[in-house]
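Beneath this line is the structure, given in structure tokens, with notes to follow.
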Amino acid sequence: MHAACWTCRSRTIRCDQTRIPCAKCEKAGLECFEQRPLRWVKGIAIRGKMRGRILGEGVKTSGEHLSAQPERKEILHCHAKSLTTDITPSFALQDPCIHALDRSSRFYLDYYNIRITKLFILYDSESNPFRSLLTYAMDNSTLQKCIIAVAARHFANTGHSFDQTDDTLSPRFVNANLDALHFKKQTINALLLSLSNPDPSQKDSIMSTILLLVFLDLLESGIEGWKYHLHGAEGLVNLSRSLLEPSASGYINSNPGDTVQETRRFVARQFSLVSTFGGALSGSKSSPGFGIDLDESRSQESIIRSFLGCPVFLLGAIRYFSNQRHVIETLNMDDDLSIHNHVRDTVTMLELTAKFDCLEWASKSVQSSISSAWEIQKLSLLSEAYRTAAVLYGKRVLRAFKASIETTAPDSEELVLRLLGVIDSLKCDPALFKCLLWPTFIIGLECQTHGEQQVVIGFLKMLWDLTFCLNVINSSKILRDHWKRKHFDGNLTSERSDLNVIEQGWLLI
């Protein structure tokens with residue numbers, strides 16, 4: 001028999017204590033919590049005179065004058081173009097575990113709650129899964145340290161400019177950089193300890209920590225490191241599956257609540273998405289994989305809980321083209337029949353991708369919070385950006401087969417102009433525009449004129465101002481080197497050289 005759930009206790013009714021979620025919560029349509037959940041409020045108190053008040057309004061706490069609050073406001077308002085710089089962390093997390101931490105750690109947790117959770121999701125909402133990870137962090141110090149490391153790294157990045165020419169960092173950003181390194185080291189050490197003697201009950205927290213380490217890699221560079229985290233997550237999934245088999249000695253037979261299950265599905269989807277986009281820009285010998293197929297997911301991901309807003313079909317197309325790219329490395333280029341079959345299949349997928357109906361997908365993906373025709377149109381444009389980039393990527397792979405090709409897909413020059421227009425039209429919506437790094441990079445590989453290339457650099461600068469992820473700056477460096485080589489080498493006459501530029505293991509999302 002389970003302990004009485006917190007939801008029933010708060011309603012002052014008798015819990016049936018049969019399972020989680022309990023029958024009474026299910027019947028009432030309420031979310032069943034085993035323990036009292038975190039409550040996110042504005043201000044330093046839930047009730048009383050301090051309700052709604054934030055630190056820095058002349059309030060004293062524990063006899064301490066908080067004269068440093070204006071300085072913190074100045075820090076967080078230093079980049080007006082970022083997604084949420086108009087909101088200053090106010091130590092609003094009302095949990096005893098938070099108040100037991102030092103002032104710096106509490107600041108970073110609040111920073112994560114207010115800024116980072118909006119960065120890695122398409123639409124922020126009450127069900128933001130990245131914010132839900134804070135609940136796990138209250139009982140797991142490893143995940144808590146990782147969240148602090150991510151927040152500190154992002155805050156440190158805001159002290160840099162896109163061009164990074166004369167960046168003289170103030171002490172606050174230098175300290176944030178040191179904090180990020182310190183907490184990252186602590187996270188990895190604690191994670192290694194957990195993995196050396198894995199506790200099945202901690203699997204969700206460990207998987208969440210690994211996922212955040214992937215996103216930390218985006219903030220740091222976006223090259224190679226994320227692949228090691230992905231392989232570690234896959235190993236943990238395989239171990240978990242073995243423990244879930246009834247014949248296993250450590251068999252686990254638990255029935256987690258809906259919230260836990262949804263968080264698990266979300267984390268798994270993000271790993272599959274990282275595997276897809278990372279594999280598209282990785283060398284064939286080190287292409288990552290993840291053991292969950294997006295096409296075989298039991299339920300379609302809600303657009304409200306989507307990271308990039310890329311339709312599942314287009315993710316499958318990108319994954320297919322990426323696999324074909326790796327097949328080229330093993331093909332006997334003198335085997336005409338084998339080449340013909342691969343070319344035929346790639347052309348078929350290319351044409352199906354080009355015909356994907358973005359407006360229909362956007363209309364079906366609409367949630368109650370996205371109701372206007374204009375919002376549907378913008379969501380359609382976002383999917384069109386990924387569709388066009390996927391076709392350009394597929395055509396790049398197709399050229400490497402060195403075969404005469406006939407396809408009904410539009411030519412690359414037309415696609416480049418179309419995609420430039422789509423990305424430009426989404427500049428007015430920061431929430432959608434911040435998801436366009438991969439399409440922007442792919443179109444950058446195809447740009448032929450200096451004018452087009454400068455437009456792409458302008459897009460990347462806007463992405464930096466929105467996200468402060470260093471993989472944006474690194475993508476601009478890759479493209480500049482690529483354009484320089486094209487300028488000196490003509491049109492890069494070797495078809496296979498079309499693929500060499502994307503053999504470095506970059507995660508550009």
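What follows is calculated from the coordinates using simple rules that are stated; it is not laboratory data. Quick caveat: nothing in here was measured; it's all calculated off a predicted structure. Every residue, glycine as well, gets a Cβ built from its backbone with ideal geometry; the counts of neighbours run over all protein chains shown.
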Distance between modelled label sites at H182 and S412, nm, 7 Å Cα→Cβ extension: 5.0 nm
Nearest-0.05 FRET efficiency for V312 and D163, computed from C-beta distance (R0 35 Å): 0.40
Plugging the Cβ-Cβ distance of A4 and S141 into 1/(1 + (r/R0)^6) at R0 = 22 Å yields, to the nearest 0.05, a FRET efficiency of 0.20
Give me the extension gain from T330 to D102: residue separation times 0.36 nm, minus the current Cα-Cα distance, reported in nm with one decimal. 76.6 nm
Testing the spin-label approximation: label points 7 Å from Cα along Cα→Cβ at H340 and Q448. State their distance in nm. 3.1 nm
If we count every other residue with Cβ under 14 angstrom of L216's Cβ, Lys/Arg +1 and Asp/Glu -1, where does the sum land? +1
Exceeding the 21 Å Cα-Cα cut-off - candidates K145/K185; K118/K461; K118/K355: K118/K355
